[in-house]
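Take a look at the structure below.
The values are calculated or read from the model by the stated rules, or taken from the named source; none is laboratory data. What you see is a predicted model, and the numbers here were worked out from it, not measured in a lab. Positions of Cβ are generated from backbone atoms using ideal geometry, with glycine treated the same way; all protein chains shown enter the neighbour counts. Side chains included, ligands, DNA and RNA excluded: accessible areas come from the protein's heavy atoms. Shrake-Rupley method; radii C 1.70, N 1.55, O 1.52, S 1.80 Å.
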Amino acid sequence: MVEFSGIKEIIKPENLVYKKTRIMTENILSYCPGCGHGTAHRILAEIIDEEGLQSEAIGVSPVGCSVFMYNYLDIDWQEAAHGRAPAVATAIKRLLPDKFVFTYQGDGDLAAIGTAETIHSCNRGENILIIFINNGIYGMTGGQMAPTTLPGMKSSTSPYGRDVKTMGYPLKITDIVATLPGSYYVTRQSVHTAANVKKTKKAIRKAVHYQKLNKGTCLIEIVSNCPSGWKMTPVQSNKWMEENMFPYYPLGDLKTPQE
Amino acid sequence: MEKELRLMKGNEAVAEAAIRAGVDGYFGYPITPQTEIIEYLMEANPAETTGMVVLQAESEIAAINMVYGGAACGKKVMTSSSSPGISLKQEGITYIAGAELPCLIVNVVRGGPGLGTIQPAQSDYFQATKGGGHGDYHLIVLAPASVQEMADFVDLSFELAFKYRNPVMMLSDGAIGQMMEKVYLSPQKERSKTIPEWATTGKPSTRERNIITSLDLDPNRQELFNRKLLAKYDEIREKEVRFEEFQCEDAEYILVAYGTSARVCQKSVQLAREQGIKAGLLRPITLFPFPTKRINELAGKVKGMLSVEMSAGQMVEDVLLSVNGKVPVYHFGRMGGIVTTPEEVVESLKSKLIGD
Ligand SMILES: Cc1ncc(C[n+]2csc(CCOP(=O)(O)OP(=O)(O)O)c2C)c(N)n1
Ligand code: SF4
Ligand SMILES: [Mg+2]
């Protein structure tokens, strides 16, 4: 029998299977339990570490739950006004073309108030990566309807469910971006299972590679959950996401480079 | 090196001066009466010579946020617009002030409110000097009165912007932007290679990560930051006031005017003196910081002051505060894009301050 005090002896490098990525800081994440934001951050941090990008990376954080993202990844950051991250990133990349420049934005940020900046930066083919967390809701302000909220879905500003006749239809902005000549690689992924995490990580790695080659805008949508806004447990929220979000926002590549 | 003499519009002079000042990036959106700035830059194509980035954004909102992004990289970046476009930029401007970023914003003012007119006006004084966007902040505001000054103030703006880590606005108007005058242009400067220690350029292992933000949810820290800004503005008020006096030595009446109105008032002073009225002109060159102290001093020696502006009366409030009740202060102004005539000013001076 292993005595409790023996735990110290098992903490050895050769027994380590999972640890905090170097690029993640010691700060405690502000996200609700089970929220996809944290997982998405971690994957990005792993890529920055593995690809040796710490001194190259300049991130632009949005207004939304991930507004404090600059506290969590140990790289240089700019905090943008609501929706304006792609414009901010445009200038960074134009002025520092050798750096790895990305934005990280929610659906309200990217697909409502920032629609023009999203479309036009992609249409100019700005050589940046846009990571788009689509949780179908305004998480930060307490669960209001987003442009991506599903038909019939309840939120604090669609308490009887989204009525598409008066509130419009959920916007598939990623599909629009994929039609623009300036976009190079456009994909929709998720981070709710280990397998999906792997795929998303692969997508980010590709986007890093394409940015080095100056290929144009890469946009990775991550369909994610918001247990608090959706008023569900984390487990329920992931199930609900699979059953309701994925049929409307199917996972997979929307635009892949012809290589 | 010798300065080059050219005949140019004010707008063109800003553009050429920007290239020569070694500006790293210009981000704009067309709007009359300042569109020549981006047209000139696109034609000059400085990407091929100095490496300056010139980009036509999808809106003034995008343009000012590009300025934010570029400024946060420690680069010399600027935008220009006219009144309606400047209103759109206000959110970005307050973020820039809140993140303490240096940049230049040129406003070639036209009459308003709303879409207004494309003719010159000075009706954005409040917006420029009192904040414009939300929150407690100030821009440094320079008011050129000639094509030469539109050129010269580009360099000066960046000098002040970087010195204080504060956005600078060049508050011009449609008359100075559009008129042609001779201008002496400074020789080409190299684009700066120095990177300020706060700039986000990718975190080397030798320093902590740099974060550019205007967010702090902790009320105590936010208030501390507000106090820091106030201290900065006080220092600016102390050290950076610029103005010009014209025949103020023996004056009994002072006209206070900036930009186009100041040029008109120079003639008014002459006309008034021909009629035996001892008039003088004080021309604020910095609108923030305002020449409060000097106006207060002069108020002790004269019988009254007239604030002459192409607006319904905006700067007059600062003149009143500066004079602090010592002598009567009035406003005279035309609106709607009409440039005041020198004669009108003299008439107003007589009817309002001297009496018939
Ligand atoms: C100009 C402006 N309008 C509104 C807000 C308030 N606001 C903050 S976050 C947010 C929505 C964020 O939703 P989303 O982008 O989907 O991010 P999430 O929190 O869901 O990750 C809003 C409306 C703001 N900060 N600025
Ligand atoms: S509100 Fe939603 S998106 Fe925001 S942290 Fe909580 S679960 Fe995540
Ligand atoms: Mg959201």
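Do any residues in region A:133-153 that are within 14 Å of chain B (Cβ to nearest Cβ) have Cβ atoms under 8 Å from those of residues that are at pLDDT 95 or above and more than 9 Å from ligand 3 (Cβ to nearest atom), where the two are at least six apart or on different chains, and which pairs are they?
Listed by first residue and then by second, the contacts come to A:M140/A:V63; A:M140/A:V67.
Considering only residues that are closer than 15 Å to A:A40 by Cβ, in a strand (DSSP E or B) and β-branched (V, I, T), which ones fall in region A:169-222?
A:T187, A:I220, A:I222
So, in region B:7-44, of the ones that are open to solvent by 70 Å² or more (accessible area, probe 1.4 Å) and over 20 Å from B:P84 (Cα atoms), which residue ends up nearest to the other protein chains (Cβ to nearest Cβ)?
My answer is B:M42.
Kindly list the number of the only condition in (1) within 16 Å of ligand 1 (Cβ to nearest atom); (2) under 22 Å from B:L101 (Cβ atoms); (3) touching a Pro at 6+ places or on another chain (Cβ under 9 Å) that fails for A:T149.
(2)
Name the one entry in B:A145, B:A128, B:A175, B:A121 that is of a type outside the set (F, W, Y) and in contact with a Leu (Cβ under 9 Å, 6 or more places away or on another chain). Before you say what the answer is, go through the steps one by one.
On the way: B:A145 fails: in contact with a Leu (Cβ under 9 Å, 6 or more places away or on another chain); B:A175 fails: in contact with a Leu (Cβ under 9 Å, 6 or more places away or on another chain); B:A121 fails: in contact with a Leu (Cβ under 9 Å, 6 or more places away or on another chain).
Exactly one of B:A145, B:A128, B:A175, B:A121 is of a type outside the set (F, W, Y) and in contact with a Leu (Cβ under 9 Å, 6 or more places away or on another chain), namely B:A128.
Matching residues to (1) open to solvent by 10 Å² or more (accessible area, probe 1.4 Å); (2) closer than 16 Å to A:M241 by Cα; (3) modelled with pLDDT under 95; (4) within 16 Å of ligand 2 (Cβ to nearest atom):
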site: A:I130; (1), (2), (3), (4): no, no, no, no
site: A:Q144; (1), (2), (3), (4): yes, no, no, yes
site: A:M153; (1), (2), (3), (4): yes, yes, no, yes
site: A:R162; (1), (2), (3), (4): yes, no, no, no
site: A:L180; (1), (2), (3), (4): yes, no, no, no
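Take region A:70-106 and flag every residue that is out of contact with any helix residue (DSSP H, G or I) (no Cβ under 8 Å at 6 or more places or on another chain) and under 26 Å from A:G229 (Cα atoms).
Across region A:70-106, the qualifying residues are A:Y70, A:N71.
Test of understanding: among B:N166, B:N226, B:N220, which residue is away from chain A (no Cβ under 14 Å), more than 21 Å from B:R20 (Cβ to Cβ) and without any contact (Cβ under 8 Å) to a residue 12 or more places away in the chain?
Of the residues listed, the single one that is away from chain A (no Cβ under 14 Å), more than 21 Å from B:R20 (Cβ to Cβ) and without any contact (Cβ under 8 Å) to a residue 12 or more places away in the chain is B:N220.
Picking from A:G182, A:G161, A:G168, which residue would you name as being more than 12 Å from ligand 1 (Cβ to nearest atom), more than 14 Å from the chain's Cα centre (by Cα) and within 14 Å of another protein chain (Cβ to nearest Cβ)?
One residue alone meets the criteria, A:G182.
Criterion first (more than 15 Å from ligand 3 (Cβ to nearest atom), open to solvent by 40 Å² or more (accessible area, probe 1.4 Å), touching a residue at least 12 places away in the same chain (Cβ under 8 Å) and away from every other protein chain (no Cβ under 14 Å)) does A:R124 satisfy it? Before the answer, list the steps.
Working: more than 15 Å from ligand 3 (Cβ to nearest atom): yes; open to solvent by 40 Å² or more (accessible area, probe 1.4 Å): yes; touching a residue at least 12 places away in the same chain (Cβ under 8 Å): yes; away from every other protein chain (no Cβ under 14 Å): no.
So A:R124 does not fit the description; no.
Every residue in region A:73-85 that is more than 7 Å from chain B (Cβ to nearest Cβ) and open to solvent by 10 Å² or more (accessible area, probe 1.4 Å), please. Break it down stepwise before answering.
As a first pass, look at region A:73-85 and keep what is more than 7 Å from chain B (Cβ to nearest Cβ): A:73, A:82-83, A:85.
Result: A:H82, single match.
Can you find a residue that is within 16 Å of the chain's Cα centre (by Cα) and over 30 Å from A:E50 (Cα atoms) anywhere in region A:118-137?
Yes, some residue in region A:118-137 is within 16 Å of the chain's Cα centre (by Cα) and over 30 Å from A:E50 (Cα atoms).
Show the residue pairs meeting these rules: Cβ distance below 6 Å; 6+ apart or different chains; first residue within region B:55-81 and more than 7 Å from every other protein chain (Cβ to nearest Cβ); second residue basic (K, R).
B:E60/B:K89; B:I64/B:K89
Can you tell me which residue in region A:39-66 is nearest to the other protein chains (Cβ to nearest Cβ), limited to those that are open to solvent by 10 Å² or more (accessible area, probe 1.4 Å) and within 12 Å of ligand 1 (Cβ to nearest atom)?
Top of the filtered list is A:V63.
From the list B:E100, B:E60, exactly one residue is in the same structural domain as B:A175 (by TED's automatic domain parsing) and surrounded by 24 or more Cβ atoms within 10 Å (Cβ to Cβ). Which is it?
Only one candidate passes the filter, namely B:E60.
Is it the case that A:M167 is touching a residue at least 12 places away in the same chain (Cβ under 8 Å), touching a strand residue (DSSP E or B) at 6+ places or on another chain (Cβ under 8 Å) and under 21 Å from A:P62 (Cβ atoms)?
No: the conditions fail for A:M167.
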